[in-house]
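Trainee: What follows is a structure written as C-alpha cells; I'll ask about it next.
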Amino acid sequence: GRARIIAGTVTSPLEVYFVASALMALATISPIIGYEIYAYVNPALYPHERRLIWGFMAAFVGLFAIGALFCYFLVMPLVIRFMAFFADVIGAEFTVTAGDYYMMVFSTVVLMGFLFTVPAIFVLLVRLGILSTSIVTRNRLYVYGILYIIIAIITPDGWLVANTVLFLPMVLLTETAVLVAKRFERERMREGAELTKRCKFCGAQMPYEEVFCPSCGRAQE
C-alpha cells in the first residue's frame, strides 16, 4: 500500500512550506557562517591547524550528506511501506496529515545526517588528545548498544529492519573511524618519544632538553 497525504488542518500546508523554507535557508547560510568564523580565526592558526580544520569540515559535511541521503532514499521508503502494510492488514486506508508526514521526514533525515558525523567528531577529538580509541575498543558492547537505542529513537516506527539498515553503516563508519584515529595516536606517540630521552644513570624517561634527571637529579652532560 501507499500513503495518502491529506492537509489535516487549514494551515498545515503553510506550516510545511515554512519549515521547509527555514531548513533550506539554514542549509544555505551555514557554509557562509562557517567560512566567516574560519576567516576570523585563520590568521591565528598554524598551517597544521588549518589542515586539521579543513579535513574535519570536509569529513563532517560529506558524512552529513551521506547520512541524510541514505535516510531519505532508503530508510524512509522502508518505514512508509512498513506502516502502509499494517494498515492494509487491518483493512484501513493509510492516510497521514501533511504536517505529520513532512515533519517526520525532515526531523529523521536531519538527525540521521548528524548521527553520521559522529565518527568525524570522534577522530577529531582523538587527534586533539581529548579522547582515546580505547573508549570504543574496550567498550564496544556498550557503545553499539547505546548507538542502536539512539537509532531506534530516531526512526519513526522503531522497526527492526529499518534500525538494522541504519545500524550496520554506523558500525562500519565507527570501526573505520577507530582505525583512522589509531593512526593519529601512533603518530602522536612517536612525536612524544622523539621529545624524550632516557637518563644515562637511572634509565628514567625525561624531557629531551633537560640537563638534570628529575628522578635521580644527576646531570646528563
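The values are calculated or read from the model by the stated rules, or taken from the named source; none is laboratory data. Source: prediction; values computed, not measured. Using ideal geometry, Cβ is built from the backbone for each residue, glycine included, and neighbour counts are taken over all protein chains shown.
Residue-wise test of (1) of a type in the set (Val, Ile, Thr); (2) under 20 Å from LEU63 (Cα atoms).
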residue: ASP100; (1), (2): no, no
residue: MET104; (1), (2): no, no
residue: VAL109; (1), (2): yes, yes
residue: PHE114; (1), (2): no, yes
residue: VAL136; (1), (2): yes, yes
residue: GLY145; (1), (2): no, no
residue: ILE154; (1), (2): yes, yes
residue: THR164; (1), (2): yes, yes
residue: GLU175; (1), (2): no, yes
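Trainee: Sort through PHE94, PHE73, PHE82, PHE106 and tell me the only one that's under 25 Å from LEU172 (Cβ atoms), surrounded by 14 or more Cβ atoms within 10 Å (Cβ to Cβ) and either aromatic (Phe, Trp, Tyr) or touching a residue at least 60 places away in the same chain (Cβ under 8 Å) (or both).
Mentor: After ruling out the rest, the residue left standing is PHE82.
Trainee: Condition check: exposed (fewer than 13 other Cβ atoms within 10 Å of the Cβ), polar (S, T, N, Q) and either at pLDDT 90 or above or not in a helix (DSSP H, G or I) (or both). Does THR176 satisfy that?
Mentor: For THR176, the condition - exposed (fewer than 13 other Cβ atoms within 10 Å of the Cβ), polar (S, T, N, Q) and either at pLDDT 90 or above or not in a helix (DSSP H, G or I) (or both) - is met.
Trainee: Moving on to the next point. Search the stretch 50-70 for residues being closer than 22 Å to ILE37 by Cβ and of a type in the set (A, V, I, L, M), and hand back the single one that is surrounded by the most Cβ atoms within 10 Å (Cβ to Cβ).
Mentor: LEU63
Trainee: A further question follows. Can you name every residue in the stretch 109-138 that is closer than 24 Å to LEU172 by Cβ, small (Gly, Ala, Ser) and touching a residue at least 12 places away in the same chain (Cβ under 8 Å)?
Mentor: Within the stretch 109-138, GLY113, ALA120, SER132 qualify.
Trainee: Right, another one. Please enumerate the residues belonging to the stretch 1-48 that are at pLDDT 85 or above, closer than 30 Å to GLY91 by Cβ and assigned to a helix (DSSP H, G or I).
Mentor: The one that is at pLDDT 85 or above, closer than 30 Å to GLY91 by Cβ and assigned to a helix (DSSP H, G or I): VAL16.
Trainee: Within the bounds of the stretch 138-149, is there any residue that is modelled with pLDDT of 90 or more, within 18 Å of PHE70 (Cα to Cα) and not in a helix (DSSP H, G or I)?
Mentor: no
Trainee: Out of all the residues in the stretch 79-100, is one or more in a helix (DSSP H, G or I), modelled with pLDDT of 85 or more, of a type in the set (Val, Ile, Thr) and in contact with a Phe, Trp or Tyr (Cβ under 8 Å, 6 or more places away or on another chain)?
Mentor: No.
Trainee: Out of ARG198, ARG188, which single residue is at pLDDT 75 or above, within 30 Å of HIS48 (Cα to Cα) and over 16 Å from the mean Cα position of the chain (by Cα)?
Mentor: Just one listed residue meets the conditions, ARG188.
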